[in-house]
Amino acid sequence: MLKLRIFLLSGFIFFLNVSSQCQNLDSRILRAINSSNTKYDKIWLAITKSATPIAIASPIAIYSMGAYHKNVNEKRQAFVNVGAFAINTVVTVGLKWGIDRERPFVSDPLIYQKTSAESPSFPSGHTSLAFTTATSLTLAYPKWYVALPAYAWASAVGYSRMHLGVHYPSDVLAGAIIGTLSSFLAYGINKQMVK
């Protein structure tokens, strides 16, 4: 029993040390990205603000293309896209309020806040929305000339959240993973339903 307690205590201390080191790395990377220089802030703010309108437009565009081509599968992809957004929203919002991580500009005085942010930090909602959009578009149209700009834009949205000082790199990484997996899950559910 004593060995088990020592093992558990050692594991707990190890976990605290690792999580502390990860937080320090997160902060160091963010400080390198976020600075007092405001030269490109308007561009990064515009990219951040593009996440919601593009996400809303993507299922409408997919459905419109399906209607134009009289393609039932293409129209169904628009609904799969909406399903991916629903999954992404539930997971992202649940994690945000469940984990309740402070925004970097609140916990680190060296981070410059360059846009508003009210909800908790982890994961990045803008990034998860952008990656849900990019993955859904790529699954609907599996061509490199769709995937490349879609993921470049989604990555730019993620970077913009760090540049603007409202998310840590780990928030952005988690958002990208959640967004991508949400689309694959919705796509997989649709595939099973079609069978």
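The values are calculated or read from the model by the stated rules, or taken from the named source; none is laboratory data. Every value quoted in this text rests on a predicted model; they were computed, and no experiment measured them. Using ideal geometry, Cβ is built from the backbone for each residue, glycine included, and neighbour counts are taken over all protein chains shown.
The table for this structure:
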{"quantity": "Residues that are aliphatic (A, V, I, L, M) and within 18 Å of residue 55 (Cβ to Cβ), drawn from the stretch 130-165", "calculated": "130, 134, 137, 139, 140, 146, 147, 150, 152, 154, 156, 157"}
{"quantity": "Of residues in the stretch 167-192 being out of contact with any Ser or Thr (no Cβ under 6 Å at 6 or more places or on another chain) and over 14 Å from residue 84 (Cβ atoms), the one modelled with the lowest pLDDT", "calculated": "192"}
{"quantity": "Members of the stretch 159-177 that are in a helix (DSSP H, G or I) and among the hydrophobic types (A, V, I, L, M, F, W, C)", "calculated": "162, 172, 173, 174, 176, 177"}
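Conditions (1) surrounded by 14 or more Cβ atoms within 10 Å (Cβ to Cβ); (2) touching a residue at least 24 places away in the same chain (Cβ under 8 Å), marked per residue:
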residue: 102; (1), (2): no, no
residue: 127; (1), (2): yes, yes
residue: 130; (1), (2): yes, yes
residue: 136; (1), (2): yes, yes
residue: 158; (1), (2): yes, yes
residue: 169; (1), (2): yes, yes
residue: 176; (1), (2): yes, yes
residue: 181; (1), (2): yes, no
